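First up is the structure itself, then whatever we jot down about it.
The values are calculated or read from the model by the stated rules, or taken from the named source; none is laboratory data. Keep in mind it's a predicted model, so treat the numbers as computed, not measured. FYI the Cβ positions are ideal-geometry reconstructions off the backbone, even for glycines, and counts take in every protein chain you see. Ligands, DNA and RNA are stripped out before the accessible areas are found, and what is left, the full protein with its side chains, is counted by its heavy atoms. Shrake-Rupley method; radii C 1.70, N 1.55, O 1.52, S 1.80 Å.
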Amino acid sequence: MAFSLGQYVKENLLAVQEYSFLSWRAFANLFSQPRYLGDMLQQMDVIGVGSLPIVVLTGFFTGAVLALQSANSLARFGALSFTGQLVSMSMVRELGPVLTSLMVAGRNASGMASELGSMRVTEQIDAMRALGTDPSRKLVTPRLTATMFMLFFLTILSDLVGLAGGAAIALILLRLDLNEYWTSAWQTLRYADVFMGLTKPVLFGFIIATIGCYYGLSAKGGTQGVGRATTQAVVAASVLILAVDLFVTRLLMVMLGPL
Amino acid sequence: MSTASQSGTEKAIVFENVSLRFDEQVVLDGLSFELDHGATKVLLGVAGAGKTTILKLTLGLVRPDNGRIFVLGQEVTAMRETELFELRRRLGIVFQESALFDSQTVEENVAFRLLEERVPEHEIERRVLEALRFVELEQTLNLLPAELSGGMRRRVAIARAIISNPEILLYDSPTAGLDPVTSTTIMELLMKQRDVYHTSALLVTHRLQDAFMMATHVFSREQNKMVPVPPGTDWDSKMNFMVLKDGKIFFEGSAAEIANSDDQYIREYLTL
Ligand SMILES: Nc1ncnc2c1ncn2[C@@H]1O[C@H](COP(=O)(O)OP(=O)(O)OP(=O)(O)O)[C@@H](O)[C@H]1O
Ligand SMILES: [Mg+2]
């Protein structure tokens with residue numbers, strides 16, 4: 001029992017070490033040749049363009065339901081006109097980055113884990129190494145840069161669409177003045193809010209790509225192992241995103257001062 | 001140290017007292033052997049004897065628990081993964097299951113290393129065609145690996161391995177599960193590589209007839225096919241055999257020596 005517990009701890013520590021090492025290599029690769037621009041553009045297409053529909057839809061509905069919920073509470077204080085502010089603060093600081101990242105994690109962390117996992121169990125990763133090409137360079141780094149870059153813009157899009165969703169509810173159900181909604185939504189945003197809202201997707205993009213690639217590259221045990229790696233990648237990426245979100249929010253609040 | 005590094009530079013491959021275990025299972029137990037430049041060594045042994053493992057160790061894809069490995073004068077066991085890529089480009093390997101990139105076409109697979117080296121496009125095209133013609137598959141250029149037969153995949157893998165003119169070739173069971181016609185074609189390719197380009201090689205095989213064919217024939221450039229070795233030629237330094245058993249070398253010698261061995265195990269192995 002004690003032995004198996006020790007074994008368990010050791011294996012997990014080893015996994016964390018390997019994960020950190022892979023992440024570091026993927027990052028360090030950026031600063032030396034060769035770089036795989038073609039592969040990066042292809043990944044940008046897969047991650048960015050491919051995620052557009054899902055990001056637009058989640059953004060819109062989240063913004064809409066936010067407007068609905070906050071109006072409900074605000075009405076009790078006779079402060080319905082603050083709806084725009086609440087929607088914009090919540091979308092930009094929190095829900096835009098987090099929901100977009102969770103969606104992209106579901107789509108792409110799993111995609112990366114299953115693609116690299118299949119390559120791993122069919123010895124294609126070994127073949128690549130044997131051919132003198134570093135998989136962390138050719139496979140991981142392009143996915144890392146593409147995810148960080150695209151998630152940044154997807155989050156901006158999600159924020160905007162979320163505000164539009166809120167506006168739709170404000171106009172149709174709450175019968176608020178649309179001009180007032182937009183003005184209060186814009187004006188309430190401070191530099192600190194935007195900074196926080198756009199730092200997060202870059203960090204979350206890092207998590208999604210490194211976790212997806214790590215689980216893929218360490219897959220073993222045939223097709224079943226690939227399936228397991230895929231599921232684990234999505235779970236780990238999602239939990240990590242939410243946990244890191246808490247810490248980053250707190251850290252940035254301290255750094256940027258009270259708002 | 002000095003003897004080791006000397007032999008390390010003069011030989012294509014040197015294994016020095018190499019041991020490896022996976023969990024509780026001992027795969028290699030203090031294995032030592034050398035491969036001369038231009039020579040071919042045939043690795044024999046029952047399934048699970050560690051033949052594939054030896055090839056992977058040579059490339060540094062797997063690390064031994066003990067011992068040292070020298071390839072082309074460089075100590076693989078002392079190099080970091082990032083340093084190994086350079087050395088690996090001077091070697092070629094044909095994996096047991098081919099391990100072609102399954103979402104890339106035959107052309108992209110064969111061109112992989114040239115694309116990595118940013119060779120000009122027209123030259124890539126020419127060399128890919130040349131390599132595919134070498135394995136007689138130039139009509140499959142735009143097919144995906146899944147659309148090929150097992151024997152065709154094996155030959156594409158050979159083309160991918162030889163395209164950059166490696167100094168050492170590692171073949172893992174290149175003729176396993178193939179019909180006699182296709183495997184003779186493949187063995188002829190291997191001989192051409194050995195006799196025309198003088199590439200050093202490790203050849204893993206279960207088909208003894210193939211290994212003996214390689215030991216008794218030479219590729220003739222004039223006739224563009226293999227012909228029997230002229231009697232009286234000393235061929236033993238170029239082709240030798242190694243039988244693995246229980247993680248150790250059970251037998252090492254020439255084709256004639258293995259064929260005439262009266263050891264019980266070897267006799268059994270040969271007649272199976
Ligand atoms: N990644 C691995 N993890 C655990 N055990 C392994 C691994 N790779 C190989 N082995 C074990 O090492 C032993 C040698 O394997 P290897 O693939 O070298 O055999 P082989 O001689 O090539 O066999 P075959 O002729 O069937 O191809 C086998 O018993 C195998 O179970
Ligand atoms: Mg094998």
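Assuming charge only on the beta carbon of Lys and Arg (+1) and of Asp and Glu (-1), the dipole of the protein assembly as shown about its Cα centre is about 1320 debye to the nearest 20. Between segment B:182-213 and segment B:54-119, the C-alpha centres lie 20 angstrom from each other. Between residue A:187 and residue A:76, the simple spin-label model (points 7 angstrom out along Cα→Cβ) gives 2.7 nm. In segment A:111-147, the residues that give up 50 Å² or more of accessible area when the other protein chains are added, compared with the chain on its own (1.4 Å probe), are A:123, A:124, A:129, A:130, A:131, A:132. Here chain A is assigned +1 on the Cβ of each Lys and Arg and -1 on the Cβ of each Asp and Glu. Its dipole about the Cα centre then comes out at about 300 debye. If the chain linking residue B:130 and residue B:237 were pulled fully straight, counting 0.36 nm for each residue of separation and taking away their Cα-Cα distance, it would gain 35.5 nm. Annotation for segment A:2-65 versus segment A:92-148: alpha-carbon center distance of 6 Å.
Report the calculated FRET efficiency for residue A:49 and residue B:198 (r = Cβ-Cβ distance, R0 = 56 Å), to the nearest 0.05. Approximately 0.65, to the nearest 0.05. Listed by number, the DSSP H helices of chain A that run 18 Å or longer by alpha-carbon position along their axis and have mean Kyte hydropathy of at least 1.0 are A:50-76, A:141-172, A:191-217, A:222-256. Taking a Cβ cut-off of under 15 Å around residue A:39, the surrounding Lys, Arg, Asp and Glu residues balance to a net charge of 0, with basic ones at +1 and acidic ones at -1. Here each label is just a point 7 Å from Cα along the line to Cβ, and for residue B:90 and residue A:256 those points are 5.5 nm apart.
Taking 18 Å as the cut-off for C-alpha to C-alpha distance, list the pairs among A:220/B:51; B:11/B:192; B:11/B:248; B:41/B:245 that go past it. Result: A:220/B:51; B:11/B:192; B:11/B:248 exceed 18 Å.
What does the extension gain come out to for residue B:143 and residue B:32, with contour length at 0.36 nm per residue minus their alpha carbon separation?
35.7 nm
The distance between label points at residue A:231 and residue A:37 comes to 4.2 nm (points 7 Å beyond Cα on the Cα→Cβ vector). Taking the Cα centre of segment B:9-69 as reference, the dipole from Cβ charges on Lys and Arg (+1) and Asp and Glu (-1) amounts to some 180 debye. State the Cα centre-to-centre distance between segment B:13-40 and segment A:219-233 in whole Å. Result: 32 Å between the Cα centres.
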